[in-house]
Structure formats: C-alpha cells, structure tokens
Amino acid sequence: MTSTLTPVRKRSALTKGQLPKAAPYIVLALALIIGAAILALIGFNAFGWGIVAAILFTVGLVGWSAAVEGSRKAKDKLATCLVVGAFLIALLPLISVIWTVLVKGLPGLLDPGFLGTSMNGVTGAFDNKSVEQGAPVMGGIYHALVGTVQITLLATVISVPVGLLTAIYLVEYGEDRALSRAITFFVDVMTGIPSIVAGLFAAAFFLAVVGPGTKTGAVAAVALSVLMIPVVVRSSEEMLKIVPNELREAAYALGVRKWRTILKVVIPTAISGIASGVTLAIARVIGETAPILVTAGFATTINNNVFGGWMASLPTFIYTQILNPTSPSNPGPSDQRAWGAALVLIILVMLLNLGARLVARIFAPKAGR
Amino acid sequence: MTTTSLTKSRGAGRAGDKVFSGATLAAGCLILAVLFGVALFLVVQAFPALVASPDKIQGGQGFFAYIWPIVVGTLIAAVIALAIATPVAIGVALFISHFAPRGLASGLGYVIDLLAAIPSVVYGAWGAAFLAKEISPLYNWLADNMGWVPLFQGPASATGKTILTAGIVLAVMVLPIITSLTREIFLQTPKLHEEAALALGATRWEMIRMAVLPFGRAGIVSAVMLGLGRALGETMAVALVLSSGALTASLIQSGNQTIAAEIALNFPEASGLKVSTLIAAGLVLFVITLGVNMIARWIITRHKEFSGAN
C-alpha cells in the first residue's frame, strides 16, 4: 500500500533543488538584455557587450544554482562557465588575426602584379606618388616567394634524409641503448631551441668556415634544418613505431635482409604518416623569420641562386616592410604589401596543413580487414 | 657453382645491411654533433665579446652590464605570457577533453592547433597594428587608476607598444603548445578513476579536481615549462610589437628589451665585435632555454616511469 507512495516521495527528493532545464537559456537571455542596457548607458560596442553579458551570465547562473541547488552544484556550474569562457577567449585572437590579415591583406593581394614582380627598383618615390596621386602601388613579392620556396626546399632536402634515418635508427636499431636514449633526449631538447639561436648557429658556423659576411639562402636552409630535423625525427619515429611487428617477422621468416625489410615493408607501411609529418614540419619552418633574418640578409631583387648572394623570403619581407617602410614618410603602400605577403604566407601554411591531412588519407595503408 | 653464387648474394646482402645500419647510425650521431656544434660555434664566436675590454662593448660597461637588462626583460615578457596563457590553456584543454560534446571535441582541437600554425611574424604584425592600438585605452585607464602600483606607473605609452602587449602576443603564441600537451595528458586519465569519482556522487568539477588534475599535475608543469622555453626564445612578436628601451619596472610604458628581439633587430647590420656580442647574447638565451627544456623533459620522463607503475 505504501508502494504507491514511496516512488512519489523519492521522485520529489531527487528533483528537489534542481534548476529547470531551460535555466541556462533564461539566464543567457536576461544577461544579454541587461548587458545591452548597461552598455547603452556607457556607449555601446559589441566586444564590451559580449564580456559584460558573459560575466552577468556566470554570476546569474551560479547565484541561482547556489540558491536552489546548493554550493557543490554551484561550484560545478562556475567551473563549467570558466572552462567554456577560456575556450571562447582562446578563439578571440584566432578570429582577430585571421580577420585582420584578410581585411588588410586582400587589397595588396589583388593588386595587379603583386605575385609576379619583385621590389627591384621600387623606391620611396613610387610609394609617395601612389599615396599622393592615387597611382597603383608598385612592387610585389615574387623575389620573396622564390626565396622562400628555394630555402624551404633545400632545408627539406637536408632534413628529411637525416631525420628519417635517425628515426629508423631509433626504432629498428636502437634497442634502448645509451646512444639511442641520448638521441631521443637531445632531439626533444632540440625541439625547444629558439629559432633565432638556430639562425645564429648557422651564421656562426659559416662565419668560422667560410668567412665573415657569408649570407646566402643555403645558410638559412641550414638554420631551418636545425629546427626541422627534430620535428621530422619525432613524427617519423611515432609512425615507424606503430608498424605492426608481425610484418617485420613475416619478412624475416622469408629470409629477407633487415635493410630490405625496412625499405620494402616498414617504410611503405608508414609512408602516409611520415609524409604528413614532413609536410607539417615544412609548414612549421616556412613561417620562421628570425633565422632567415640573421642568415640570408635581405634582398629586393630576384635571386635564383640559393648558394650565392642575399635572398629575400616572405617572412623577412613582411618584417622589413613593416619596420623599415620603403618610403618612410608614406608607410601605407609598404603596409599594404606586408599584409598582402602575410595573407599569402598564411594561405601557404594552411594549404600545407591541409595537404598533410590529405596526404595522410591518400597514402594510408589499405586496411585489408 | 651454386655455393659461390650463394655466398656472393649473401655477401651483397650483408654489405647492404652494414651500409644501411651505418647510415642510420651516422644520421643519429650527426644530430648529436649538430647540437654539440651549436654550443661549440656559439662559444667560439662569442668568445671575443666575453674577453673584450669593457669599454668596447655596447654601453661601455662590459658584457655583463649589457646582457643583464635584456635577460630581465626576456624573463618579464615570458612571465607575463605564462601568467595569461597557463590558466586559459588549462581551461581550453579541459574543455576539449572533458566538457565539449564528443563529436565536436577533435574538431575544436584542430581549431586551437590553427593558432600554432600562424607564423610568428604575422602575430607580430597583428600585435603591432591591431592589438597595440586597441589596448592603449586600457593602459591609460590603468595608469590613471592603478598608477600607484609600480607595474602600472604612468604615463602610459601612447602607441600601446609596451612589454605588456608583447607579453599578451606571446601568450597567444604559447597557448596552443600548452593546450595540446595538457589535453593529451587529461585524455590519459584512467577512465576507472573518473568513473569511480562520478559513481561516488561527485559533480563533474569535483571529478576533475579529484581524478584528472592530480593525475596530470606533472604533465601540466612540464607543459608550462615547454611553453616557457618557447616564450623565452620567441623573436618576432617582441621585435615588431615592443618599442624597446632601457629596463623599467612599468609594464605600460615603452621600454625593456628581450634577448631574441635585440639580436634580430641588430644582427643584420652588425659587424666585428658587435657580432660577437650578439652571438654571446644568443649563447645566454640558448643556455637558459636549454636548462628550462631539460627540466621539463626530465619531469616528463619521471612522470612516464611513475604512470607506468599504475
């Protein structure tokens, strides 16, 4: 006879002290309205509205929860609000950077000849003319594109064999020896070398070996290799490690030599991961500025020889155009070129990141079962 | 006949094995040699500056007087960056690992990784052109209302190109590093610990405080250290954002300088002893970041052994 009563009582005990399901939406709506009202009093802007509304929402929801549900649930709500808030705060700079680059970079990029001409012969006089008389902005980034592609290619050519062979040593031959442990440790340490120190190393190395004033694309490529090798080693090592041991054992059982097993069985199995790791490593170093600044100097003309003469690159182009505008009295055109180059650089990096994912998918080993 | 062909082919195979394993060993040793070479060449090229008579060094008071203000400046910028980035990064990592809906979590992880993909020079340009301008009213407000704190002593920089702005840009740059490392560690929390906490009636926050954070403490510390290493060595954000000057305590005036930015700004035009001085500064930076990174890696390896026992 009490069995009909007990469930009712239990139910009420459980639902007692719970916020209604719509509570967050109600508080959000109130916070937005009150926030707009407060901002209207002191001058409206969207950013301030967002912040005030977020604070009001947190205070309102946590306060309501504390009053109805008790302090434990309220603390939980507060933590949730803070964590979500942290994520939204982290998104702000991303959106702001991409928006700024798009807005400021598009006019430069759409400028005719921006991708096809260099800064050769473009002087401050042209920039003054374009500001004062509305002439089109002269000059472009072709020389910097050439430099970036050549330096990055050379760095890749140096880093990939060294990095891949080291990864093979660590996975296939290392067997937890002291040497392989030392290499693992120092590769980890190398990932933390500041990029400018890598640049200084390359500069100091060539200063000692070749002589003072050696600034070429090749020096920059060496500097970038120092940054790139540890990334290649780490990603290739991870990929080689997940190749199933059964594949190696099957090859050994057929009498195949270890080196042929590695070349014909292990690497083809892991090639998708290795290729995407290399692409990500390229994406990382293509945007490096500091090492190129101290090793390749800065050029305004097209230099197709990576082993001789100063060389421009996209990041150093951006840097110098902002810091030392072509026309100091009218920095506008230089700014436009710099942001155009920044947009091109971001597009390149994003394409490389996207490419890495595509490569990983296309070359992924066919899953038999 | 058959025996000779057999031995021949075996000989070729053995040679291939030797060459290949030798090549991999050589590549591994080359990496150690490069790291050793970095230290060696920096020391060799920096040596003239370290032994030069004090009046020949920039500033005229010797290398130590030249380097210590920019070492302090580097530390100030890095500390600001970490103070901002650490709580936000842990929050973001928790959001992706424990709060976001399952289907969205990996996609949101990619979005945060995009922050790491943006080149540093673009951050620098953004900080100089956008952030500095937008944030300078805040500096004026701080100078007016909090000016009695030495950190916020006025008059505030009119351009907003201060060490605090540089620190904020650095925070944005180290955020994805700390986030991705702590996220991995939070995801490794034993599911049974989490479920046990929830089964005892813990709310989600209590579960995180009892199961996730204690498990990830060593990982968080080492992630922050790695972020510190990155913040110490970051060049472009500071070189473009900060209008440098002498060491000051105020964060909202122009002034201060970091090692990396000092090198980047002066190296292209430097010659003679100035080159040695800058390389010596680079050596100091190298030693500092090497120490920070080695401590971080040491914590990680110790943690690995510990969690392996669980």
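Once you've got the GNM for chain A with C-alpha springs shorter than 10 Å, pick whichever of A:A283, A:A312, A:A40 has the biggest mean-square fluctuation.
Among A:A283, A:A312, A:A40, the largest mean-square fluctuation in the Gaussian network model of chain A belongs to A:A40.
Kindly provide the pair-distance distribution of segment A:23-109 built from C-alpha pairs, with 5 Å bins from 0 and whole-percent values in order of increasing distance.
Values per bin, smallest distances first: 3, 14, 17, 17, 16, 13, 8, 5, 3, 2, 1, 0.
Please report, largest first and rounded to whole Å, the three semi-axes of the ellipsoid equivalent to segment B:142-234, where each semi-axis is the square root of five times an eigenvalue of the C-alpha gyration tensor. Working shown, then result.
Numbers: eigenvalues 295, 65, 17 Å².
Output for segment B:142-234: semi-axes of 38, 18, 9 Å.
Report the one residue of B:A264, B:V174, B:T159 whose Cα lies farthest in the direction of the positive end of the charge dipole of segment B:125-278 (charges on C-beta: Lys and Arg +1, Asp and Glu -1; origin at the Cα centre).
Farthest along the dipole direction, towards plus: B:V174.
Across peptide B:231-239, what mean number of C-beta atoms from other chains lies inside 10 Å of a residue's C-beta?
Details: counts 1, 2, 8, 4, 12, 11, 0, 0, 6.
Mean inter-chain Cβ contacts per residue within 10 Å come to 5.
Towards the positive end of the charge dipole of the protein assembly as shown, with charges on Cβ (+1 Lys, Arg; -1 Asp, Glu), say which of B:G282, A:L106, B:L25 has the farthest Cα.
B:L25
Given contacts defined as C-alpha pairs under 8 Å and at least six residues apart, what's the relative contact order of segment A:23-109, whole-number percent? Before the final figure, lay out the partial values.
Details: 42 pairs, mean separation 18.6, N = 87.
Computed over segment A:23-109, the figure is 21 percent.
Once you've got the GNM for chain A with C-alpha springs shorter than 10 Å, pick whichever of A:F114, A:F185, A:F201 has the biggest mean-square fluctuation.
Checking each option, the largest mean-square fluctuation is seen for A:F185.
Fewest to most neighbouring Cβ within 10 Å: what's the order for B:H193, A:H143, B:H98? Write down the numbers at each step before the final one.
Working: B:H193 16, A:H143 23, B:H98 19.
Ordered by Cβ neighbours within 10 Å, fewest first: B:H193, B:H98, A:H143.
Tell me, Kirkwood radius of segment A:248-299 from alpha-carbon pair distances, in Å? Let's see the in-between values first.
Working: mean 1/r = 0.0715 Å⁻¹.
Result for segment A:248-299 stands at 14.0 Å.
Identify, among A:L293, A:S65, A:V137, the residue whose Cα sits farthest towards the positive end of the charge dipole of chain A, taking +1 on the Cβ of Lys and Arg and -1 on the Cβ of Asp and Glu, with the dipole about the Cα centre.
A:S65
Normalising by the residue count of chain B, find the relative contact order in percent from Cα pairs under 8 Å and 6+ residues apart.
Values: 395 pairs, mean separation 81.7, N = 310.
Relative contact order, chain B: 26 percent.
Around B:P214, under 14 Å between beta carbons, what's the net of Lys plus Arg minus Asp minus Glu among the other residues?
Numbers: positive: B:R209, B:R217; negative: B:E194, B:E206.
Value of the local net charge: 0.
How much mean residue ellipticity at 222 nm does chain A get from its helices, if each DSSP H run of length 4 or more adds -39500 (n - 2.57) and you divide by all residues, to the nearest 500 deg cm²/dmol? If you can, show how the numbers build up before the last one.
Working: 15 runs with 265 residues, N = 369.
Calculated from helices alone, the mean residue ellipticity at 222 nm is -24000 deg cm²/dmol.
What is the average number of partner chain Cβ atoms found within 10 Å of a Cβ in B:290-300?
On the way: counts 6, 0, 1, 6, 5, 0, 3, 7, 1, 0, 1.
So the per-residue partner count for this stretch is 3.
Find, to one decimal place in angstroms, the Kirkwood hydrodynamic radius of segment A:29-183, where the mean of 1/r is taken over every pair of different Cα atoms and then inverted. Could you put the intermediate results ahead of the total?
Working: mean 1/r = 0.0445 Å⁻¹.
Hydrodynamic radius (Kirkwood, Cα pairs) of segment A:29-183 is 22.5 Å.
Less than 11 Å Cβ to Cβ from A:A167, Lys/Arg counted +1 and Asp/Glu -1: what total charge do the surrounding residues give?
Every neighbour counted, the sum reads -1.
For segment A:142-363, what mean projected area does the convex hull of the alpha carbons give, in nm²?
Values: hull surface 56.0 nm².
Average of the hull's projected areas for segment A:142-363 equals 14.0 nm².
What are the equivalent ellipsoid semi-axes of segment A:163-219, built from the alpha-carbon gyration tensor (square roots of five times its eigenvalues), in whole angstrom, biggest first?
Numbers: eigenvalues 187, 31, 19 Å².
Ellipsoid half-lengths, sorted descending, are 31, 12, 10 Å.
Using Cβ contacts closer than 10 Å as the measure, can you line up B:L170, A:L109, A:L179 from fewest to most?
Result, fewest neighbours first: A:L179, A:L109, B:L170.
If you wrap a convex hull around the alpha carbons of segment A:183-271, what volume per residue comes out, as a whole number of Å³?
On the way: hull volume 11.2 nm³, N = 89.
Looking at segment A:183-271, the number lands at 126 Å³ per residue.
From the gyration tensor of the Cα coordinates in chain B, what semi-axes in whole Å does the equivalent ellipsoid have, largest first, with each one equal to sqrt(5λ)?
Working: eigenvalues 330, 249, 57 Å².
Semi-axes, largest first: 41, 35, 17 Å.
Within segment B:35-94, list the chymotrypsin sites (Phe, Trp or Tyr not before Pro) lying in a DSSP loop whose Cβ has at most 15 other Cβ atoms in a 10 Å radius. Walk me through the numbers before you get to the answer.
Values: sites: B:F36, B:F41, B:F63, B:F64, B:Y66; in loops: none.
The qualifying sites: there are none.
Normalized C-alpha radius of gyration of the protein assembly as shown, against 2.2 N^0.38 Å?
Values: Rg = 28.3 Å, N = 679, 2.2 N^0.38 = 26.2 Å.
Normalised by 2.2 N^0.38 Å, the Cα Rg of the protein assembly as shown equals 1.08.
What average number of partner chain Cβ atoms lie no more than 10 Å from the Cβ of the residues making up B:103-112?
Details: counts 0, 0, 0, 0, 0, 3, 0, 2, 4, 4.
The shielding value for this peptide is 1.
Which order results if A:V84, B:V238, B:V172, B:V72 are arranged by neighbouring Cβ count within 10 Å, fewest first? Can you show the working numbers first?
Numbers: A:V84 18, B:V238 31, B:V172 25, B:V72 14.
Result, fewest neighbours first: B:V72, A:V84, B:V172, B:V238.
Would you calculate the volume per residue, in Å³, of the smallest convex hull containing every Cα atom of segment A:263-369? Mind dumping the intermediate values first?
Working: hull volume 13.2 nm³, N = 107.
It is 123 Å³ per residue.
If you place +1 on the Cβ of every Lys and Arg, -1 on the Cβ of every Asp and Glu, and leave all else neutral, what size is the dipole of chain A about its Cα centre, to the nearest 20 Debye? Intermediate values should be presented prior to the final figure.
Working: 27 positive and 15 negative charges, 341 e Å.
Taking the Cα centre of chain A as origin, the dipole is about 1640 debye.
Distance between Cα centroids, segment B:184-241 to segment B:94-162: provide it in whole Å.
Spelled out, the Cα-based centre of one part sits 21 Å from the other.
No value in this document is a laboratory result; all are computed from the given coordinates. Here the structure is a predicted model, which is why all the values come from computation and not from measurement. Neighbour counts run over all protein chains shown; Cβ positions are idealised from the backbone, glycine included.
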